[in-house]
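Enquirer: Quick one: this structure, given as structure tokens, is what I'll be asking you about.
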Amino acid sequence: MLEIKNLHARIAEDEAEILRGIDLTVNPGEVHAVMGPNGSGKSTLSYILAGKEDYEITEGEILFNGENMLDMEPDERAAAGMFLAFQYPIEIPGVATMEFLKTALNAQRKARGEDPLSIPDFMKTVKAKAADLNISMDMLKRPLNVGFSGGEKKRSEILQMSLLEPKLCVLDETDSGLDIDALRIVSEGVNKLRSPERAMVVITHYQRLLDHIVPDVVHVLSRGKIVKTGDKALALELEKNGYADYVDAAA
């Protein structure tokens with residue numbers, strides 16, 4: 001589903017290279033965890049997958065279901081089935097949460113050649129999925145993310161993901177700022193989306209998220225390179241020993 005080949009990238013107009021040759025293949029049905037210390041390039045990788053304009057690709061390619069993702073605009077990537085859950089979801093005053101969700105969902109349906117959902121069908125769908133994430137209708141009546149706690153913002157992100165049903169879910173440090181209860185609720189929402197047709201890339205610093213969202217494959221990213229790949233036991237090793245050995249290996 002996702003093939004990243006020898007990806008090199010830097011911040012636009014900056015000579016400092018952030019990604020220095022990423023190779024990564026994620027197949028349908030798989031959950032891959034990408035772990036690493038601060039500054040290793042984890043969030044940069046997620047932003048590049050989503051199409052953020054701040055980065056320049058200097059070498060390599062990204063294929064999504066056989067198509068060159070780098071030729072796609074961000075909205076085209078979303079329509080093709082790619083979703084990024086942000087580490088810090090932004091507040092958008094003046095944009096009603098329900099209207100945002102309806103517009104996003106119907107835009108996706110239009111891109112897939114499907115009819116838009118009627119308002120009653122949309123409301124029924126949202127209420128059912130929101131209940132799974134302990135999201136109240138009062139939350140949904142607010143402007144998007146405005147006045148939400150950290151946990152509420154993350155649950156709102158997972159609600160969006162659940163509604164859009166993407167083929168590739170990229171979660172950028174979704175556990176950041178979550179307490180134990182919020183982490184459990186968010187993780188349960190993510191796990192309900194696991195399927196043989198969907199792939200996930202979970203970016204995190206910590207093992208605790210992977211206790212809930214158990215990965216098939218774990219990668220260690222350090223100084224812009226994947227320096228180690230293993231199964232879920234690798235995450236436990238990192239929790240115990242830290243990243244020092246892998247930072248030295250990437251030097």
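Where a number appears in this text, it was derived from the coordinates with a stated rule and is not lab data. None of the values given here were measured: they were computed from a predicted structure. Note: ideal-geometry Cβ built from the backbone for every residue, glycine included; neighbour counts use all protein chains shown.
Enquirer: Between residue 136 and residue 73, take the C-beta separation as r, use R0 = 25 Å, and let me know the FRET efficiency to the nearest 0.05.
Expert: The pair residue 136/residue 73 has a calculated efficiency of 0.10.
Enquirer: Ranking 227, 31, 214 by Cβ neighbours within 10 Å, fewest first, what do you get?
Expert: Listing 227, 31, 214 from fewest to most nearby Cβ atoms yields 214, 227, 31.
Enquirer: Here's something else I'd like to know. Arranged by the count of other C-beta atoms within 10 angstrom, fewest first, what order do 162, 176 take?
Expert: The order, fewest Cβ neighbours first, is 176, 162.
Enquirer: So how tilted is helix 232-241 from the main axis of the chain? Cα-based, degrees 0 to 90, rounded to 10.
Expert: The angle comes out at about 70 degrees.
Enquirer: Another one. With contacts defined as alpha carbon pairs under 8 Å and 6 or more residues apart, what's the relative contact order of segment 2-250 in percent?
Expert: Relative contact order here is 28 percent.
Enquirer: Which cross-chain or sequence-distant (5 or more) residues have an amide H under 5 Å from the amide H of residue 165, H modelled 1.01 Å from N in plane?
Expert: Those qualifying (amide H under 5 Å, at least 5 residues apart or on another chain) number zero.
Enquirer: On a 0 to 90° scale, report how tilted helix 119-132 is relative to the longest principal axis of the chain, with both axes built from alpha carbons and the result rounded to the nearest 10.
Expert: 50 degrees
Enquirer: Another one. Would you please give the residues with an amide H less than 5 Å from that of residue 30, counting only those at least 5 places away or on a separate chain, with H modeled from the backbone geometry?
Expert: Residues meeting the criterion, in which the H sits 1.01 Å from N, are 200.
Enquirer: Using only Cα atoms, what is the ratio of the radius of gyration of segment 1-106 to 2.2 N^0.38 Å?
Expert: So segment 1-106 has a normalised radius of gyration of 1.17.
Enquirer: Next question. Relative to a virtual label point 7 Å from the Cα of residue 104 in the Cα→beta-carbon direction, which members of segment 55-76 show backbone nitrogen distances below 20 Å?
Expert: Those under the cut-off are 73-76.
Enquirer: If we count other beta carbons within 10 Å of each Cβ, what is the order of 127, 102, fewest first?
Expert: Ascending number of Cβ neighbours within 10 Å: 127, 102.
Enquirer: Enumerate the amide H contacts of residue 146 below 5 Å, restricted to partners 5 or more residues apart or on another chain; note that Pro and chain-start residues carry no placed amide H.
Expert: Hits under the 5 Å cutoff: 92.
Enquirer: Still on this structure, I have one more. First select every other residue whose beta carbon is under 11 angstrom from the beta carbon of residue 40; then total the charges, Lys and Arg +1, Asp and Glu -1.
Expert: For residues surrounding residue 40, the net value is +4.
Enquirer: Apply the a/c threshold of 1.5 to the C-alpha gyration tensor of segment 74-222 and tell me whether it is rounded, prolate or oblate.
Expert: oblate
Enquirer: Lys and Arg at +1, Asp and Glu at -1: add these up for the other residues within a Cβ distance under 10 Å of residue 144 and post the number.
Expert: 0
Enquirer: If I fit a long axis through the Cα atoms of helix 97-111 and take the longest principal axis of the Cα atoms of the chain, what angle between them do I get, 0 to 90°, rounded to 10?
Expert: That works out to roughly 70 degrees.
Enquirer: Also: Report the semi-axes of the equivalent ellipsoid for segment 145-193 in whole Å, largest first, where each axis is √(5λ) for an eigenvalue λ of the Cα gyration tensor.
Expert: In descending order, the three semi-axes are 17, 12, 9 Å.
Enquirer: Net charge within 9 Å of residue 215 by Cβ-Cβ distance, Lys/Arg positive one each and Asp/Glu negative one each, not counting residue 215 itself?
Expert: Cβ neighbours under 9 Å give a net charge of -2.
Enquirer: Mind telling me which of 184, 198, 112 comes out most flexible in a GNM of the chain, alpha-carbon contacts under 10 Å?
Expert: Taking springs between Cα atoms under 10 Å, the residue moving most is 112.
Enquirer: Under the √(5λ) rule applied to the eigenvalues of the Cα gyration tensor, what semi-axes describe the equivalent ellipsoid of segment 2-250? Give them in Å, descending.
Expert: Working from the Cα gyration tensor, I get semi-axes of 30, 21, 17 Å.
Enquirer: Calculate one ³J(HN,Hα) per residue across segment 34-39 by plugging θ = phi - 60° into the Karplus curve 6.51 cos²θ - 1.76 cosθ + 1.60, and present them in order as whole Hz with x for glycine and proline.
Expert: Once θ is set to phi - 60°, the couplings for segment 34-39 become 10, 10, x, x, 4, x Hz.
Enquirer: Determine which lysines satisfy two conditions relative to residue 42: a Cα distance under 21 Å, and not lying fewer than 8 residues away in the same chain.
Expert: By straight Cα distance, residue 42 reaches 5, 52, 153, 154, 167, 225, 228, 232, 240.
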